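The values are calculated or read from the model by the stated rules, or taken from the named source; none is laboratory data. Source: prediction; values computed, not measured. Don't worry about glycine lacking a Cβ; one is built from the backbone with ideal geometry, like all the others, and counts go over all protein chains shown. Note: areas computed on protein heavy atoms with side chains; ligands, DNA, RNA excluded. Shrake-Rupley method; radii C 1.70, N 1.55, O 1.52, S 1.80 Å.
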Amino acid sequence: MRRSSSPESLHSIQAPQNDEQVRRSSDAPIPISERRRSSRHWGPRAANYANRFARRSTDARRQTSTSAASSSPGDAGKKKPAGLKDPLLVLRRSVFASWINVLLLLVPVGIASHPAHFPDVAVFIINFFAIVPLAKLLGYATEQLALHLGDAIGGLLNATFGNAVELLVGILALVKGEIEIVQTSLVGSILSNLLLVGGCCFFFGGIKNNEQIFNTHAAQSYGSLLAMAILATLLPAAYNSLNAKGSELKSGTLTMSHVTAIFLLVIYIAYLFFQLKTHANLFSAVPLEERREAARKPQENSDNTNEGGNAANVDGARAASNEESMTESPRDITIGATPAHSQTAATSTAELVRNNADIVEETKEPANAEATAIEAKSEEDGDEDEEEVELTVLAAIALLVIVTGLTGVCAEFLVDSIDGLTDKWNLSPSFVGMILLPIVGNAAEHVTAVTVAIRNKMDLALGVAVGSSIQIALFVLPLLCILGWIIDKPMTIYFSPFTTVVLFVTVLLVNYIIGDGRTNWLEGLVLIIAYVIVGVAYFLYPKDMDTSSSTLGSSG
């Protein structure tokens, strides 16, 4: 039947009859049928206006729902980065970032201990523990910069400022002529990072996670650079074993050390360009799913397998019973069946339907529960892995400058008290430089690396521990060697045969462990015990024997 287009019908579309119809027409959306009917009456222009209005309403509703979904309660709880305009907030977040910062109370005491003429042992102990929280604050500030500038630049800053303590102690000791303290503290820092820090990362990370994996390409690059550093220390040691005049060996060792230091700095600059620019993809972290799969405990896998097997057995038994019911029911349903047989067949069919419904519901509930548990675990891991920005860039840089200055003052007083400490406690300078000073200098790397290793971020932990050792071997050591060349101090890359052998075996052991790209708690325990053995050896090292090249004369 054709619809009429009389003026009455047009008038009914144009104007509603009462206020109720006006309210309904303003609140309710325009149905599609009404829009089509109005388009036939009012033409293409009116239909275009109606469609445009409908699209705008739909977009507005979508935008409202999106903004409501984005404003979640978690976003409201995020902290706003503290800037220089609020120094008290910066101080509060920096001080309360770690429980180690309780030792910051010793910083003013350590600074005042030297002018107050405290005993050398007291000055050493106070400044020893005062540098630990300062090193942690250096690590905290560099981590905040890393969140702003990216992982690659942040990792470089973390390693650089993490080694600021070693660099300051080395410069101060070099100016004072303490060549043995400089060399042993640098070698001890390499050993501490590789054996103690790396071992604690592998051990504590392996206790929480079954097995941890990391990028093998990055590990192989680290191993080759460490091998190059060992080559640079082996050649001067081998050169000094030649049967030649003492004066020739001294001048030759100095010249070889200076040339080698220049080339080591070239290799380090090339390594930075390789890591940050040309082959940055080789140093990317292993995907999160692969790390979670490797970290899963064996008993968790067996439990999942048993649950799956039990579920499969239950499903098989129910399927068999359903099949039996399906095979038995046709015998009851026959053409000439009596009403009793028909009733029995109907009952069996209804029971079969109920059983299938129960199976579907019981299967759906565990699946939903398992999916909910997996989703909750993923959200928990994501929240744990997510790091929050607490400081602005300028606030982090200001914190770095202030903490570096305080560390330099405490380090100077620490170096001045070493002679009195060795005389009072009858310790060798080798033990102080090789064991005690590196523990202080590596406090920031130690805490940071172990924390991220427990969170199953082994790529970052390995970059902090091994990367810091590479920076000391290829940057700090040659830089101090060239600085000694400038100020006419006999600073070389020559070490005693005992120290050279310890360094060589350490690098060889670490390369064996990280070569396959997998670690566990046993390998970490091996590294920790190796460091304890090295510490005992240097504790028993004769005090009157020199482990460095401090007896070499000046090249001039």
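Relative to the current alpha-carbon distance between S251 and T216, full extension at 0.36 nm per residue lengthens the span by 8.5 nm.
Shape class for the range 436-484: oblate, because the ratio a/c of the largest to smallest gyration tensor axis (alpha-carbon atoms, square roots of eigenvalues) is 1.5 or more and b/c is at least a/b. Given R0 = 56 Å, the distance between the Cβ atoms of I487 and R296 translates into a calculated FRET efficiency of 0.50. In this label model, I439 and W425 are separated by 0.8 nm, measuring between points 7 Å along each Cα→Cβ vector. Here each label is just a point 7 Å from Cα along the line to Cβ, and for F504 and L272 those points are 3.1 nm apart.
Computed on protein heavy atoms with a 1.4 Å probe, the accessible areas place D86, D459 in the order D86, D459, largest first.
Anisotropy class assigned to the range 382-467 is oblate, per the alpha carbon gyration tensor with a/c at or over the 1.5 cut-off and a/b no larger than b/c. Taking the accessible area of the range 426-499, probe 1.4 Å, and keeping the other protein chains in place, the carbon and sulfur fraction comes to 72%. Under a 5 Å amide H cut-off, with hydrogens placed 1.01 Å from N, A82 pairs with L391, T392 among residues at least 5 apart or on other chains.
Rolling a 1.4 Å probe over the protein chains gives E293 an accessible area of about 110 Å². Exceedance of the 23 Å cut-off in Cα-Cα distance is limited, within the set K176/K245; K250/K489; K136/K457; K136/K424; K176/K543, to K176/K245; K136/K424.
Annotation: per residue accessible area for the range 396-498 equals 31 Å², rounded to a whole number [probe 1.4 Å, protein chains only]. Just check the range 92-205 against the gyration tensor rule for me: Cα atoms, a ≥ b ≥ c as the square roots of the eigenvalues, rounded for a/c under 1.5, and otherwise prolate or oblate depending on whether a/b exceeds b/c. It is oblate, given that a/c is not under 1.5 and a/b is not larger than b/c. Positive contributions from Lys and Arg (+1) and negative ones from Asp and Glu (-1), summed over other residues with Cβ under 14 Å from the Cβ of G524, come out at 0.
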